[in-house]
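The structure under discussion appears below in the form of structure tokens.
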Ligand SMILES: [Zn+2]
């Protein structure tokens with residue numbers, strides 16, 4: 001990985017080993033330093049599920065998802081965001097649609113209920129930069145962006161017209177954020193202890209990725225991004241017609257199968273409405 005724009009200071013801090021202390025990582029003189037995450041005392045990882053929108057799958061959407069109407073149990077599609085608390089900091093994974101369907105229940109208000117303002121979040125990462133995942137990306141301009149190189153390049157290429165891509169203005173402020181660029185197909189171990197890891201699964205978009213979270217009580221899970229949109233998409237191995245690269249998508253299906261087999265992780269398909277409905281929502285959490 002490399003650090004880019006706006007990250008010169010960050011790079012210098014890493015070089016002298018200060019960054020770990022800043023974000024609460026263990027260090028030689030770590031005792032008594034500020035503890036940013038609420039789960040610090042127990043040293044546990046917590047996963048909060050947030051509501052960040054809703055999509056109704058009209059016929060045209062089903063069609064581009066390569067699904068027939070009788071293959072899906074419902075036309076509802078969830079749009080979640082997630083907050084991960086780790087003793088060394090926080091990560092917001094996916095930022096939802098740019099508009100909240102419920103003005104009383106925005107991403108901002110859900111984070112506030114947990115005691116966070118946008119600027120408090122250590123890291124932000126998107127499974128990919130489509131408009132239903134990067135909708136609130138600009139709100140995290142003061143966080144460190146964990147960006148897949150291919151996705152970042154494509155997102156700022158000026159050629160993102162097409163299904164799924166919102167206007168680049170929804171994430172434009174990240175271009176100058178402190179950024180850790182994850183190169184090629186590298187994994188990125190977010191907090192350095194293997195419990196929260198970004199895994200490359202390209203194909204839906206050039207730099208699509210999923211998130212592995214190893215929870216002490218719940219067990220290991222994978223947040224799917226849009227590698228699969230619905231449970232039937234997974235069961236039937238459907239590749240959406242608007243994917244960036246079909247062969248790459250199928251290779252990512254196989255890669256994730258092997259990864260789940262190896263880790264014993266359970267797949268959480270983010271947009272799957274029935275699964276999302278079955279989950280505990282913030283302020284409750286998984287650990
Ligand atoms: Zn999506």
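FYI, it's all coordinate maths here, none of it is from the lab. Bear in mind the structure is a predicted one, so any value in this text is a computation, not a measurement. Glycine also receives a Cβ, built like all others from the backbone with ideal geometry; neighbour counts cover every protein chain displayed.
If you take the alpha carbon atoms of the range 140-236 and fit the smallest convex hull around them, that volume is 126 Å³ per residue. Working ranking of peptides 257-265, 139-147, 71-79 by packing, defined as the average number of other Cβ atoms within 10 Å per residue, highest first, is 139-147, 71-79, 257-265. Shape annotation for the range 187-255: C-alpha extents along the principal axes are 37, 23, 16 Å, from largest to smallest. Taking every alpha-carbon pair within the range 2-278, the share separated by more than 24 Å comes to 48 percent.
An ellipsoid equivalent to the range 40-190, defined through the eigenvalues of its Cα gyration tensor, has semi-axes of 26, 20, 15 Å when rounded to whole angstrom and sorted largest first.
Helical runs (DSSP H, four residues minimum) scored at -39500 (n - 2.57) apiece and divided by the length of the chain put the mean residue ellipticity at 222 nm at -5500 deg cm²/dmol.
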